[in-house]
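To start, the structure under review is shown below, and the notes come after it.
The values are calculated or read from the model by the stated rules, or taken from the named source; none is laboratory data. The model shown is predicted, which means the values in this text are computed figures rather than measured ones. Neighbour counts are summed over all protein chains in view; Cβ atoms, including those assigned to glycine, are modelled from backbone coordinates with ideal geometry. With ligands, DNA and RNA removed, areas are computed over all heavy atoms of the protein, side chains included. Shrake-Rupley method; radii C 1.70, N 1.55, O 1.52, S 1.80 Å.
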Amino acid sequence: MSEIIVIAIQRDGELRSSSLEAITAARGVKQAGDTLSVAIVAANPQGLAGALSVEGVDEVIAVKATDEFQPDLIEAVVGALVAERKPSLIVTAHTVDAWSFAPAAAIKNGLGFATDVMALRREGADLVATRAGYAEKVLMDIDFPGKDTVLLTTRTNVFEPASGQGSAKVTEMAAPAADIATKHEGWKQPADAGGIDIPGSEFILSIGRGVADEANVEQFLELADKVGATLGCSRPIADNGWLPKARQVGQSGQLAASCRLYVAMGVSGSVQHQWGMKHVENIVAVNTDPEASIFSIARYGIVGDMFEIASELENHF
Amino acid sequence: MMTAVSDNRSLDGMCNGVALTARVLAVGDLYAALGIYSHVEPAVRSELETVILGTRRQRLIVAAAPYAPRNLLDALSLGADDGLALRLAKNTSTPASALRRLMAQCSDPRARRYLASHPNADAAILVDLSRDDAIEVQQAVAGNPATPGDVVARLAGIDDALIQRAIAASPAADAATLAKLWDLGDDWVKADIVAHPNCPATLLAIATSAPDVRLRRKLAANPMIDQSALERLLTDPDDSVRAAAVRNPAILGEEVDAMNEASARVRRLVARRPKLSADVIERLARDPDSWVRRWIARHPDMSAELLAELASSEEAEVRRGVARNSSCPAHLLVRLAADPAPWVQAGVALREDAPAEAISILLNTSDRDVLGALGRNRNTPAQRLVAIARHDDADVRRAIVFNPAAPREALVLLAADPYPLNRAMIVGHARLDDAAVADLLDDPEPQVRFSAARRLARHGNQPALKP
Ligand SMILES: Cc1cc2nc3c(=O)[nH]c(=O)nc-3n(C[C@H](O)[C@H](O)[C@H](O)COP(=O)(O)OP(=O)(O)OC[C@H]3O[C@@H](n4cnc5c(N)ncnc54)[C@H](O)[C@@H]3O)c2cc1C
């Protein structure tokens, strides 16, 4: 019997939905007799307790402090929870907040640690976390031998947000003393994408340098419109000014976070492009080069000319 | 070429060339060594090879690197084991001499398949590989555009769907081969045969009235089709056939003009045709379908009046089309520079011919796409380019890399950019001086060190290098 604690995160007093995803991840490895608690640090944590009291959550730990982004404080909360409750597992979403406190909390408290976890399971009583490695080229299973407490950050948009009304009790916890070494200047919103929503799109049709010329880009905008996809692109296309930067998929562009079908046409599949789309369940690649790396991650591959395939596709819509 | 012995270039350059080589050898940097390899004397090359090919891991990296010098890949192919051979066979830079050697050395069907589809495989290699026992090797030979006609003709007799499809699309397939294939192949193969420029006239005639719409569509795309057949296909009941006919470059302008096309899909394709009469352009500019207007807005034969009309369109993408139209008059560019949609402004900002007034309107922007376009534009004032080089968005800063007129100050900022891609790309800028490039020899990114060393070696005129 042990405790699992999710560290929920708020922004300006509003709960981040990725916290509900972290609850789902934690719930998935909860064993008979385990308790699942969710800790929240906020100016009015009681006000968020209702949203966190979802099915499977036994307790909400309300830490009254501030709505400001204070990673040092959350790090101290993690330290206090480890000391007081000795949980077997702590889970939080892999966001900018977690990047700022999780590694330090893991080191300071001697925790087992894995970031950006995409799947979580038990092998017997042991916990196994799956994450990508080597620039997303391999999937790695990680276990934590000899660690009493493990801290994991879970990739966003991979786990379903937890739902279902729960009946968690709410416990107040005093904010621990923290050595505040950082100062939060403010949040900066990403540039206005002019209505282009790569992270929110379920179906993305992406073009790369195979499109060859600005004059040809319009054809794929038209095709995307016809098939109900959002048009994405690789870096060179956005660099050339042929499509807005908001359409760029990849390491220096957008993450195709909600995508279920990704059709890559004339994209070679560089590591940096894959960063933004490799996780998509259904990838269809169209490329004249049978050796293009994109085929190594594609569920369906078409060795062929993207213009021919595009006009063939048009015949079906 | 850099050499330790005297040559006919300046002593200064030669000494510094030597200094670069000495430094690369002393540091033992694989990537910098790769960058200079092709630019040094053969004797120095063997010294560099100790740095480049020192360990098996390094040899595997080099064998798979498309930027590796060809002569080095050639050297690596000598006695290559299976792992190396596979990487070399996949590497598109591996020269024919190495491919030939690998073919003789290597029996692994996977590697032989890569050899058979390699863009540098010559006719002799392909002839040999066409007799390989493995069907996947034969398929790759059939799909290689360099495979000679007689080999293609022979392979056409093999009962394999992938070989047949590859041959139906092979530029070396002649009329006789295609005729033979017609009797053997399935419907997909037949459709490809009908689209082939060497398709025999008898088969083209069969396809003209074929009930299978796929065949008529492919026929309509064949650039060798005769005008009467094309005219007939322009009135085909199926709009996908008419669409294919409209795209056919063999079609004459008047035939398209004469069409009173009901399908928006076909009209969109008409709007993309390079030659259109003034009447047709005018009709399409007022088409009810917005995609038709988007296409025609980019047409180079649009009159100034119609462009002005479309510049007032409610649809931003139509206005963007006008902004990108090479015939767009200066006064319209000025108007579009003040467009409410940043994507339209960006279309103007990309233009080297945008008038100074348009550029000065655009300078007020804070939009990333507009700034990116201004960063590429050689007419953007130098001070603004420096500000772009300091922008907090790495993608905006990178635009400087593409600006041939970027001032030194902006280039130096990019060479010290925190974003590795920006440093890697600025190395190639013609106006970045060698002193700034030399500093990049210590860059943490291998790609940057490779490009910096290659550039310095090419110039053969490096400034004093740090020991
Ligand atoms: C730090 C860093 C960050 C980066 N961030 C990103 C990023 O966010 N997003 C990104 O995309 N890149 C990014 N890159 C760039 C990346 O490394 C590649 O250069 C880029 O992804 C290549 O784009 P591409 O696939 O369109 O072009 P290419 O690699 O040139 O590939 C074009 C492909 O089109 C195929 N092709 C050509 N003609 C046709 C045709 N008619 N039909 C079908 N196929 C055809 C070719 O076979 C080829 O495979 C980054 C690089 C670095 C170093």
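The residue that is farthest from the chain's Cα centre (by Cα), among those in the stretch A:296-309 that are more than 9 Å from the ligand (Cβ to nearest atom) and surrounded by 19 or more Cβ atoms within 10 Å (Cβ to Cβ), is A:Ala298.
Within the stretch A:137-160, the set of residues being assigned to a loop (DSSP other than H, G, I, E, B) and within 10 Å of A:Ala119 (Cα to Cα) comprises A:Arg155, A:Val158, A:Phe159. Within the stretch B:271-300, restricting attention to residues that are out of contact with any Lys or Arg (no Cβ under 9 Å at 6 or more places or on another chain) and within 14 Å of chain A (Cβ to nearest Cβ), the residue that is surrounded by the most Cβ atoms within 10 Å (Cβ to Cβ) is B:Ser290. Residues being outside any helix (DSSP H, G or I) and without any contact (Cβ under 8 Å) to a residue 24 or more places away in the chain are entirely absent from the stretch A:60-73.
Within the stretch B:430-448, restricting attention to residues that are within 14 Å of another protein chain (Cβ to nearest Cβ) and over 15 Å from B:Val24 (Cβ atoms), which residue is least open to solvent (accessible area, probe 1.4 Å)?
First, the residues of the stretch B:430-448 that are within 14 Å of another protein chain (Cβ to nearest Cβ): B:445-447.
Going one step further and asking which of them are over 15 Å from B:Val24 (Cβ atoms), we end up with B:445, B:447.
On the way: B:Glu445: 65, B:Gln447: 107 Å².
Per the stated criteria, the residue is B:Glu445.
Filtering the stretch B:302-319 to residues that are within 14 Å of chain A (Cβ to nearest Cβ) and open to solvent by 30 Å² or more (accessible area, probe 1.4 Å) leaves B:Glu315, B:Ala316, B:Glu317. For the stretch B:185-203, a tally of residues being surrounded by fewer than 16 Cβ atoms within 10 Å (Cβ to Cβ) and part of a helix (DSSP H, G or I) returns 4. Residues of the stretch B:81-128 that are among the small types (Gly, Ala, Ser), more than 14 Å from chain A (Cβ to nearest Cβ), in contact (Cβ under 8 Å) with a residue 24 or more places away in the chain and out of contact with any Leu (no Cβ under 7 Å at 6 or more places or on another chain): B:Ala96, B:Ala123, B:Ala124. Determine whether the stretch A:227-237 contains at least one residue that is near the ligand (Cβ under 9 Å from one of its atoms) and within 11 Å of chain B (Cβ to nearest Cβ). Taking every residue of the stretch A:227-237 in turn, at least one turns out to be near the ligand (Cβ under 9 Å from one of its atoms) and within 11 Å of chain B (Cβ to nearest Cβ). Entry remark, the stretch B:346-380: residues being open to solvent by less than 40 Å² (accessible area, probe 1.4 Å), assigned to a helix (DSSP H, G or I) and aliphatic (A, V, I, L, M) number 10 in total.
Is it the case, given these coordinates, that A:Phe203 is surrounded by 15 or more Cβ atoms within 10 Å (Cβ to Cβ), farther than 23 Å from A:Ala8 by Cα, under 21 Å from the mean Cα position of the chain (by Cα) and more than 14 Å from chain B (Cβ to nearest Cβ)? Against the criterion (surrounded by 15 or more Cβ atoms within 10 Å (Cβ to Cβ), farther than 23 Å from A:Ala8 by Cα, under 21 Å from the mean Cα position of the chain (by Cα) and more than 14 Å from chain B (Cβ to nearest Cβ)), A:Phe203 qualifies.
How many residues does the stretch A:280-308 hold that are more than 14 Å from chain B (Cβ to nearest Cβ) and not hydroxyl-bearing (Ser, Thr, Tyr)? Total meeting the criteria: 12.
Can B:Asp367 be described as within 12 Å of chain A (Cβ to nearest Cβ), closer than 21 Å to A:Ala238 by Cβ and not aliphatic (A, V, I, L, M)?
Here the answer is yes, as B:Asp367 does meet what is asked.
Here B:Arg397 fits the description: more than 9 Å from every other protein chain (Cβ to nearest Cβ), more than 25 Å from B:Arg298 (Cα to Cα) and surrounded by 23 or more Cβ atoms within 10 Å (Cβ to Cβ).
Per the listing B:Val322, B:Val412, the residue uniquely in contact with a Cys (Cβ under 7 Å, 6 or more places away or on another chain), in a helix (DSSP H, G or I) and away from chain A (no Cβ under 12 Å) is B:Val322. Can you give me the number of residues within the stretch A:257-284 that are farther than 17 Å from A:Ile302 by Cβ, more than 9 Å from the ligand (Cβ to nearest atom) and open to solvent by 20 Å² or more (accessible area, probe 1.4 Å)? Counting residues in the stretch A:257-284 that are farther than 17 Å from A:Ile302 by Cβ, more than 9 Å from the ligand (Cβ to nearest atom) and open to solvent by 20 Å² or more (accessible area, probe 1.4 Å) gives 5.
Residue count for the stretch B:206-242 satisfying the condition of being among the hydroxyl-bearing types (Ser, Thr, Tyr) and in a helix (DSSP H, G or I): 3.
In the list B:Pro418, B:Pro381, B:Pro404, B:Pro446, which residue meets the criterion of being within 16 Å of the ligand (Cβ to nearest atom) and either outside the structural domain of B:Ala349 (by TED's automatic domain parsing) or more than 25 Å from A:Gly250 (Cβ to Cβ) (or both)? Can you show your working first?
Numbers: B:Pro418 fails: either outside the structural domain of B:Ala349 (by TED's automatic domain parsing) or more than 25 Å from A:Gly250 (Cβ to Cβ) (or both); B:Pro381 fails: within 16 Å of the ligand (Cβ to nearest atom); B:Pro404 fails: within 16 Å of the ligand (Cβ to nearest atom).
Selected residue: B:Pro446, the only one of B:Pro418, B:Pro381, B:Pro404, B:Pro446 that is within 16 Å of the ligand (Cβ to nearest atom) and either outside the structural domain of B:Ala349 (by TED's automatic domain parsing) or more than 25 Å from A:Gly250 (Cβ to Cβ) (or both).
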